[in-house]
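For reference, the structure I am asking about is given below.
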Amino acid sequence: MTPGRRTLHYVRLDEIMPDVDRLLEGHSTVGNWSLAQICRHLATAMRRVVDHPASTPHDASQWVGEERKRQFFASGLGPEGLPTSPQLVPVEGLDEREEAEGLRRAIAHYEASPGPVVPHRLFGFLTREEWDRFHCIHCAHHLSFAVPAADRR
């Protein structure tokens, strides 16, 4: 685990933005991305799973087995260093407040949607409850690299 990362777990999607709002008051990052990039990545990922049509092509040969999927959901931890899909790598120079608001809107959009209908790139087809859990784990993984200034003292 990267030194300085927070131990972070979200149980519900509504726990994410209060943490981001706290980070906006002052933070440092210990990974490769800024808070703005983290928020953009998370917002893009969340929107994609409900905005892409069910007919979106997928490569089932990339899916991990049920046991690895169960381990992921049971542990609540995303693996560090897993390559990100090129379409989900955020550009540099983003405004953190704008991207935080983008994440807030993406969460609301996801929660209001009837989807997702597309499979996850590694886990295949997921139930809505599994998608919710995935997004909590995914957000906690990335936001754990942003440490509130109050925690750094």
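Scan region 73-105 for residues that are of a type in the set (A, V, I, L, M), outside any helix (DSSP H, G or I) and surrounded by 12 or more Cβ atoms within 10 Å (Cβ to Cβ) and report the count.
3
So is A108 hydrophobic (A, V, I, L, M, F, W, C), free of Cβ contacts under 8 Å to residues at least 24 places away in the same chain and surrounded by 12 or more Cβ atoms within 10 Å (Cβ to Cβ) or not?
yes
Go over the candidates D51, D19, D59 one by one and state the one that is over 18 Å from T84 (Cα atoms) and at pLDDT below 95.
Going through D51, D19, D59 in turn, just one is over 18 Å from T84 (Cα atoms) and at pLDDT below 95: D51.
Which condition does T44 not pass, out of (1) over 17 Å from H138 (Cα atoms); (2) at pLDDT 95 or above; (3) among the β-branched types (V, I, T), if it passes all the others?
Condition not satisfied by T44: (1).
Can you tell me which condition A149 does not meet? The list is (1) closer than 23 Å to R6 by Cα; (2) modelled with pLDDT of 90 or more; (3) surrounded by 14 or more Cβ atoms within 10 Å (Cβ to Cβ), and all the others hold.
(3)
Same structure again: Among all residue pairs at least 6 apart or on different chains, which show Cβ distances below 7 Å where the first residue, located in region 30-54, is of a type in the set (F, W, Y) and the second is in a loop (DSSP other than H, G, I, E, B) and surrounded by fewer than 20 Cβ atoms within 10 Å (Cβ to Cβ)?
Listed pairs, sorted by first residue: W33/P90.
Turning to a different aspect of this structure: Given the conditions (1) loosely packed, with under 15 Cβ neighbours inside 10 Å; (2) of a type in the set (S, T, Y); (3) farther than 25 Å from P57 by Cα; (4) touching a residue at least 40 places away in the same chain (Cβ under 8 Å), report the number of the one that S144 does not fulfil.
Condition not satisfied by S144: (1).
Can you tell me which residue among L103, L122 is closer than 21 Å to L24 by Cα, among the aliphatic types (A, V, I, L, M), touching a residue at least 24 places away in the same chain (Cβ under 8 Å) and out of contact with any strand residue (DSSP E or B) (no Cβ under 8 Å at 6 or more places or on another chain)?
L103
Any residue at all in region 25-35 that's at pLDDT 95 or above and among the acidic types (D, E)?
yes
The values are calculated or read from the model by the stated rules, or taken from the named source; none is laboratory data. Keep in mind that what you see is a predicted model, and the values were worked out from it rather than measured. Neighbour counts are summed over all protein chains in view; Cβ atoms, including those assigned to glycine, are modelled from backbone coordinates with ideal geometry.
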